[in-house]
Amino acid sequence: MHEFARDTLLDGLPADLRGQRILDLGCGEGLITRALAIRGGSVVGIDPSPHMIGHARAAEEATPSGARYSVDVGARWPLSRRAVWSG
């Protein structure tokens, strides 16, 4: 993801995400996932590519943010009944 696109996306989100549970579907190398975790969100990034999740986990290990990652296509991700789609 280009830095401009990343910054544009993040500028539209709250700076404080404490208490929010966030799923980053198709997280790639986890750039946005980590940024959301740094803002306090409890974030899980999933991607179907083991290679990309490997990059995400390596970045998380180098600079921990609290983000978690899983290799998955996201077709049947279990959502809680309290999950809210926020657009």
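Across segment 28-46, the number of residues qualifying as part of a strand (DSSP E or B), open to solvent by 10 Å² or more (accessible area, probe 1.4 Å) and touching an Asp or Glu at 6+ places or on another chain (Cβ under 8 Å) comes to 1.
Taken over segment 61-78, the criterion of being more than 11 Å from Cys27 (Cβ to Cβ) and not hydroxyl-bearing (Ser, Thr, Tyr) is satisfied by Glu61, Ala62, Pro64, Gly66, Val73, Ala75, Arg76, Trp77, Pro78.
Across segment 47-72, what is the total count of residues that are under 17 Å from Gln20 (Cα atoms) and surrounded by 15 or more Cβ atoms within 10 Å (Cβ to Cβ)? If you could, list the steps in order and put the result at the bottom.
Pass one, segment 47-72, residues under 17 Å from Gln20 (Cα atoms): 65-69.
Checking which are surrounded by 15 or more Cβ atoms within 10 Å (Cβ to Cβ) leaves us with 65, 67-69.
Qualifying residue count, segment 47-72: 4.
Within segment 18-31, residues that are over 17 Å from Ala62 (Cβ atoms) reach partners that are open to solvent by 50 Å² or more (accessible area, probe 1.4 Å) and in a loop (DSSP other than H, G, I, E, B) with beta carbons closer than 7 Å, at six or more positions or on different chains, in the pairs Leu23/Trp77.
State all residues of segment 50-68 that are outside any helix (DSSP H, G or I) and either under 21 Å from Phe4 (Cα atoms) or out of contact with any Gly (no Cβ under 8 Å at 6 or more places or on another chain) (or both); if no residue qualifies, say none.
Going through segment 50-68, the residues outside any helix (DSSP H, G or I) turn out to be 63-68.
Once the filter is applied, which keeps residues that are outside any helix (DSSP H, G or I) and either under 21 Å from Phe4 (Cα atoms) or out of contact with any Gly (no Cβ under 8 Å at 6 or more places or on another chain) (or both), segment 50-68 yields Thr63, Pro64, Ser65, Gly66.
The values are calculated or read from the model by the stated rules, or taken from the named source; none is laboratory data. A quick note: this is a predicted structure, and the numbers were derived from the prediction, not measured. Cβ atoms come from the backbone with ideal geometry, glycine included; neighbour counts cover every protein chain shown. Just the protein is used for accessible areas: all its heavy atoms, side chains included, with ligands, DNA and RNA removed. Shrake-Rupley method; radii C 1.70, N 1.55, O 1.52, S 1.80 Å.
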